1. What number of residues within region 73-118 satisfy the criterion of being on the phi > 0 side of the Ramachandran plot and part of a loop (DSSP other than H, G, I, E, B)?
2. Quick check: anything in region 361-379 in contact with a Ser or Thr (Cβ under 7 Å, 6 or more places away or on another chain) and closer than 20 Å to Leu71 by Cβ?
3. In region 263-291, how many are part of a strand (DSSP E or B), closer than 30 Å to Leu333 by Cβ, free of Cβ contacts under 8 Å to residues at least 60 places away in the same chain and in contact with a Gly (Cβ under 8 Å, 6 or more places away or on another chain)?
4. Inspect all residues belonging to region 154-172 and state whether any of them is assigned to a strand (DSSP E or B), under 26 Å from Ala72 (Cβ atoms) and either without any contact (Cβ under 8 Å) to a residue 60 or more places away in the chain or within 15 Å of the chain's Cα centre (by Cα) (or both).
5. Which pairs do you get when a residue that is under 13 Å from Asp407 (Cα atoms), found in region 437-461, comes within reach of a residue that is surrounded by fewer than 14 Cβ atoms within 10 Å (Cβ to Cβ), reach meaning Cβ atoms under 6 angstrom, with the pair 6+ apart or on two chains?
6. Quick check: anything in region 220-231 of a type in the set (Lys, Arg) and at pLDDT below 95?
7. Is it the case that Glu150 is at pLDDT below 95 and either hydrophobic (A, V, I, L, M, F, W, C) or within 26 Å of Val452 (Cα to Cα) (or both)?
8. Give the residues of region 314-345 that are modelled with pLDDT of 95 or more and among the polar types (S, T, N, Q), sorted by residue number.
Amino acid sequence: MKIIFLIMALMSVSAMAQETDGQGVDAVTGASWQQAKKEAARKARKARWSGDSILSEEYRKFRVGGYGEVLAQFKNYGINRFNGTAQGNSDFKRNTISIPRFVVAGDYRFNKHWNVGVEVEFEAGGTGIAYEIENTENGEYETEVEKGGEVALEQFHVTYTLNKAFNVRVGHQIIPVGLTNAHHEPVNFFGTVRPEGETTLLPSTWHETGLSILGEVGKKWTLFDYQAMVVSGLNANGFDRNTWVAGGKQGFFEVDNFTSPAYVARVNYKGVPGLRVGASFYYVHNAAANSDKPQTYTFDVPVTIWSVDAQYTHRYFTIRGNVLGGKIGNSSLLTAKNNRLSNKSPYSRLAPIAERGVSYGAEAGIHVKGFVKNPKMPDLTPFFRYEYYNPQEKVVVDANNLKEADDRLKTHMWVAGLNYRPLPYIVIKADYTHRSIGGGKYKSENEFALGVAFVGWFLKK
């Protein structure tokens with residue numbers, strides 16, 4: 001109910017501020033407000049990142065670009081919320097530094113109808129086998145040999161463009177479920193890391209292989225864009241206690257199972273300048289049929305996921321909100337079966353697996369430069385974000401599963417911080433995060449983080 005009021009509030013604010021040009025990230029740079037609007041729009045068009053090669057008119061023949069992030073975190077909690085103390089995580093000061101991701105992207109137009117797009121992601125510094133200490137598995141060492149964890153072909157697709165309203169795309173594509181997957185570049189969220197709720201419950205960045213139809217319809221107040229997809233579905237082997245369905249993204253093997261494909265749809269309303277309201281839906285009839293070994297399960301595991309999100313960008317502020325939920329069928333049977341997966345399998349086997357997971361959150365940032373008519377004013381955006389998420393929102397307890405939901409996965413959190421843009425395509429971030437675990441029954445977790453990110457097209461024709 002809270003998120004419904006949030007979405008209504010976003011739309012109400014947009015109606016009161018129709019004078020915006022819809023970009024809102026550049027300040028007044030001249031004596032005239034009309035001149036300032038034109039200048040802001042020009043800068044935004046020059047610097048913006050449009051990840052979809054079909055709906056973009058920013059290049060004629062080709063373009064090459066990318067984005068990347070550097071992150072330092074300073075934490076006051078240990079590595080294991082589940083085995084630190086009876087009150088939750090242990091008190092332990094530790095610091096980390098990393099390169100979460102670096103992405104190289106490119107598009108090439110053969111003619112007005114055909115084009116090819118590609119994105120390659122380098123995650124956590126490069127390729128090869130990596131080790132990590134698992135925060136929720138008694139601090140055990142894990143060997144990361146995950147295909148897609150170190151170097152991933154995030155997108156590779158060929159698109160046929162009939163017109164702006166109807167295009168057909170085949171290949172490896174982003175799954176636009178949730179606000180973060182649909183808009184995952186670092187300029188599309190204020191925090192030093194991606195919103196935690198969505199990235200805990202869903203694969204991020206989520207990409208699968210298949211076919212999609214997409215386009216943009218309507219004009220002015222009736223402008224929408226849409227995407228409908230048939231792609232490889234989630235694999236029930238990877239569902240677990242801590243991350244719900246996030247571990248079910250395929251990619252461990254040279255081929256993905258397509259026995260039970262997934263059906264995906266997303267619609268965005270963009271008829272009000274600066275406003276985007278979106279909804280997405282995901283359904284796979286039987287994720288068990290996509291398991292590594294077809295004989296593993298003798299029952300179906302249907303999966304349904306839905307999300308609603310909104311963003312409004314104005315000269316003075318930007319606000320975003322989202323809610324995400326879903327259901328796994330036969331979750332208690334799946335819990336019993338996944339508990340008995342081989343010790344040599346790449347899956348966690350943590351249980352119980354919840355029938356329902358949920359995440360919702362909102363963030364708001366104030367564009368300080370929008371209030372100041374001095375062109376030398378730095379582009380600063382202080383922000384605040386709130387999230388709630390729980391990968392065990394509802395657990396079925398029966399003869400197949402005797403464990404109830406673990407409250408240590410129920411997380412309320414807030415983030416406060418500042419973004420500084422020395423250039424339109426570079427952002428420096430600082431934020432402080434506080435997590436309340438289990439409704440306050442367990443020790444809270446706090447951290448301070450610094451990040452630098454860039455995003456942009458470097459070469460185009």
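The values are calculated or read from the model by the stated rules, or taken from the named source; none is laboratory data. These numbers come from a predicted model, not from an experiment. Using ideal geometry, Cβ is built from the backbone for each residue, glycine included, and neighbour counts are taken over all protein chains shown.
1. Here the count works out to 0.
2. Among the residues of region 361-379, at least one is in contact with a Ser or Thr (Cβ under 7 Å, 6 or more places away or on another chain) and closer than 20 Å to Leu71 by Cβ, which makes the answer yes.
3. The total comes to 1.
4. Yes - at least one qualifying residue is present in region 154-172.
5. Tyr442/Gln87; Lys443/Gln87
6. yes
7. The answer is yes for Glu150.
8. Thr318, Asn322, Asn330, Ser331, Ser332, Thr335
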